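Right, one structure below, let's go through it.
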């Protein structure tokens, strides 16, 4: 990709209303453009990141047998009246009248529609288990949207819904999704901390939030040091709570070697039993012909929020440091002197060579701007590897390979750089 | 993919309100589920097809330098008041009040938001040309939604917007997108007919609709026989119009060797000059410092509609016949006797072997249903290749390879089938 033809307009200005690093950096790198309070256009750099995250989510969800769908964003009020949530949801629900004065709403979540789709098709225990998910846009009419896409009104979310014949089966599904979520967050380069979101993990409802550690996070997490070395199964029960649930007086707390960290909530898994299947009279027949109300769970990842959370967890004073798995490009080539023939030749050779591999996406900064601007933009945008082509070094037949994360810079020949990626 | 774990529930029932083939077949194959008039959930089979089409669109749009974004679905009325379309759009626009009584709407198209994003970032002629596109959900509150997703209210669309410094540059962009659209429609397996949607192709506004030939289409197209052998450039000017514009008395018409076909409109390209850039006071400075209002165009493909259009163009009395490029799976393996050990062994061997290739996605029908149901479902769903494993032939060490389109069936050994795909 030629930067001169890429719609990413960076800025040195620090927007005054942007209180947190991710909001500032997403605006400054030209990732998002606000259209109204809490409503943002996602520009090409950001779209590439959403795609990478979505791809990882789909791979991991498909692996556990989840089936991808698109629920509708506009939904009839009737479904929500049936579940009892239409009145209960309050002003966060964006309510809509269509041209025939029918009551609709913009989906904030999809327990109702998932249950409705399920009941149209599945009538027998043989059709279970079912695990449906989507990655789609939602709307919650927050009273005070803030922190950019971290707490926006229109947002991209992965949401999933499970249907099982028994509590035991539902527990197994819950565990499968729990592990899948750990894998997803690790694959995007983050350390996920699952915190107990409900009192009793066994017997009653199960619920965990997934927090990503970030010094600037809005949650405070208290967790057993063992958690950092726990296996995926142990993670479900290892002590970890947010400040809302933290009780320094409790014996459970005092016995532990506690760590305290800041985090950002990026996911939530929830078993809620037959709440919706009963309310919406959704049942299957078992082998004996008895009506069984499926045990349900729902599972969410805030995809657009995760983009911001990754930035909170991975940035420095110069800009974003993308983990390789979700970076918008793998390599950026900085041609510092686009009017210098040697620089152009070297930069274009390296660009062509590395771009030839399907493994690497390359951003070639061919813009006619100052050296300082070009270097600052590269650090701001945060592509993992920079190949810096300047006229003096180019004359000596060398370029610099810089790692954005470590800051390490190595001089090498263009051939060595190409070999580093294509070898 | 095991069919027993795949959320695709077929039906023999022909829905009485489904008037056209694509609507009936999408419902019968379990691709879509209606939630309200003109509003459909897209189920796993259909999501796979949307993905394939979207992938082809992105590849071809990226190839011509288009930049992918996500505009917002909820947009402030202010933008549309500025362009003059807020009042003009009428009841097809789904209007929304947020919790603070602000006026919003669900995007039916994005000329306004594209212009707004453009003007925030591009101030100089050096930033041109710009071509932004997205694949995203839109809403048009049709008074009479009908024909399933062919004329739904919530729909998936690719829409793109171009900004050029001059009419000449805009013409070049228009031609690039025009050719890209031809490639896209051909790659999804269709024959596109571009029809002149406006009187003068030269000088004034340019506009073409893309029609896909289908006997059941709602448009009638009159076109010069030469069109079938025209090059991509010639296609822009070769005579082709829909019945609305057809004038049997005109000399231009009488001179031609005319063909008449039925078609479905699936795309539209439109040059509209400075209409929105002027209305929204959006300009760049040229080399001399003069204000220039960019020449704009917009370009749409109805992605969800295209799914239905492909079915209209490619089905028979037994079901859908997917073109290979957009088929939900490449191969389906029908184990006709899942309680027969030899059938299971052969079917699973073939399944494992072909699935091992990244080139092929395989649906293994392992469901415990009757032979007739299984064969009918395979023809209904329309995967291009069927590997049919029945007990009698299996005992002789052979299976059948059936081509869904031609209906041709060949007996061969499992090894030969595997070789056919993996060779």
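Some points to look at:
- Failed item in (1) surrounded by 15 or more Cβ atoms within 10 Å (Cβ to Cβ); (2) in contact (Cβ under 8 Å) with a residue 24 or more places away in the chain, with residue B:2 passing the rest: (1)
- Qualifying positions in the range A:1-27 - at the interface with chain B (Cβ under 9 Å from one of its Cβ atoms) and outside any loop (DSSP other than H, G, I, E, B): A:2, A:4, A:5
- Selected residue (criterion: surrounded by the most Cβ atoms within 10 Å (Cβ to Cβ)) from residues of the range A:88-110 that are more than 10 Å from every other protein chain (Cβ to nearest Cβ) and out of contact with any strand residue (DSSP E or B) (no Cβ under 9 Å at 6 or more places or on another chain): A:88
- On inspection, residue A:185 passes the criterion of being in a helix (DSSP H, G or I), surrounded by 20 or more Cβ atoms within 10 Å (Cβ to Cβ) and either in contact with a helix residue (DSSP H, G or I) (Cβ under 8 Å, 6 or more places away or on another chain) or modelled with pLDDT of 95 or more (or both).
- Residues that are under 25 Å from residue A:30 (Cβ atoms) and more than 10 Å from every other protein chain (Cβ to nearest Cβ) were ranked within the range A:139-149; the one that is surrounded by the fewest Cβ atoms within 10 Å (Cβ to Cβ) is A:146.
- Subset tally (residues that are in contact with a strand residue (DSSP E or B) (Cβ under 8 Å, 6 or more places away or on another chain) and farther than 20 Å from residue A:196 by Cβ) for the range A:265-294: 10
- Residues within the range A:408-418 that are in contact with a strand residue (DSSP E or B) (Cβ under 9 Å, 6 or more places away or on another chain) and exposed (fewer than 15 other Cβ atoms within 10 Å of the Cβ), tallied: 6
- Number of the condition not met by residue B:113 [criteria: (1) more than 10 Å from every other protein chain (Cβ to nearest Cβ); (2) more than 30 Å from residue B:330 (Cβ to Cβ); (3) assigned to a helix (DSSP H, G or I); (4) in contact (Cβ under 8 Å) with a residue 40 or more places away in the chain]: (1)
- Top-ranked residue in the range A:150-160 [being in a strand (DSSP E or B) and over 19 Å from residue B:99 (Cα atoms); ranked as nearest to the other protein chains (Cβ to nearest Cβ)]: A:156
- Sole residue being in contact (Cβ under 8 Å) with a residue 24 or more places away in the chain and either under 24 Å from residue A:48 (Cα atoms) or in contact with a helix residue (DSSP H, G or I) (Cβ under 9 Å, 6 or more places away or on another chain) (or both), chosen from A:369, A:388: A:388
- Residue in the range A:395-404 that is within 31 Å of the chain's Cα centre (by Cα), crowded, with 20+ Cβ neighbours inside 10 Å and in contact (Cβ under 8 Å) with a residue 40 or more places away in the chain present: yes
- Any hit, the range A:118-138, residues being more than 21 Å from residue B:43 (Cβ to Cβ), outside any strand (DSSP E or B) and touching a residue at least 12 places away in the same chain (Cβ under 8 Å): no
- Yes/no for residue A:30 being at pLDDT below 95, within 11 Å of chain B (Cβ to nearest Cβ) and either surrounded by 21 or more Cβ atoms within 10 Å (Cβ to Cβ) or more than 27 Å from residue B:144 (Cα to Cα) (or both): no
- For the criterion of being at the interface with chain B (Cβ under 10 Å from one of its Cβ atoms) and over 16 Å from residue B:73 (Cβ atoms), residue A:85 fails.
- Where residue A:80 falls short, out of the listed (1) crowded, with 18+ Cβ neighbours inside 10 Å; (2) over 30 Å from residue A:161 (Cβ atoms); (3) more than 19 Å from the chain's Cα centre (by Cα); (4) more than 9 Å from chain B (Cβ to nearest Cβ): (2)
- Those residues of the range B:203-223 which are surrounded by fewer than 19 Cβ atoms within 10 Å (Cβ to Cβ) and more than 18 Å from residue B:301 (Cβ to Cβ), in sequence order: B:203, B:204, B:205, B:215, B:216, B:220
- The set of residues in the range B:54-77 being more than 21 Å from residue A:137 (Cβ to Cβ) and part of a helix (DSSP H, G or I) consists of B:56, B:59, B:60, B:62, B:63.
- Just one residue in the set A:380, A:334 is buried (at least 18 other Cβ atoms within 10 Å of the Cβ), outside any helix (DSSP H, G or I), under 30 Å from the mean Cα position of the chain (by Cα) and modelled with pLDDT of 95 or more; that residue is A:334.
- When residue B:417 is tested against (1) in a strand (DSSP E or B); (2) over 20 Å from residue B:10 (Cα atoms), only condition (1) is not met.
- The set of residues from the range B:33-67 being crowded, with 23+ Cβ neighbours inside 10 Å and within 30 Å of residue B:174 (Cβ to Cβ) comprises B:49, B:53, B:57, B:61, B:66.
- Count of residues meeting criterion [touching a helix residue (DSSP H, G or I) at 6+ places or on another chain (Cβ under 9 Å) and modelled with pLDDT of 95 or more] in the range A:86-95: 3
- Residue B:154 being under 27 Å from residue B:24 (Cα atoms) and over 19 Å from the mean Cα position of the chain (by Cα): no
- Answer residue from the range A:33-53, given it is at the interface with another protein chain (Cβ under 8 Å from one of its Cβ atoms) and in a strand (DSSP E or B) and is nearest to residue A:104 (Cα to Cα) among those: A:39
The values are calculated or read from the model by the stated rules, or taken from the named source; none is laboratory data. For clarity, every value in this text was computed on a predicted model and none was experimentally measured. Cβ coordinates were reconstructed from backbone atoms using ideal geometry, including for glycine residues, and neighbour counts include every protein chain displayed.
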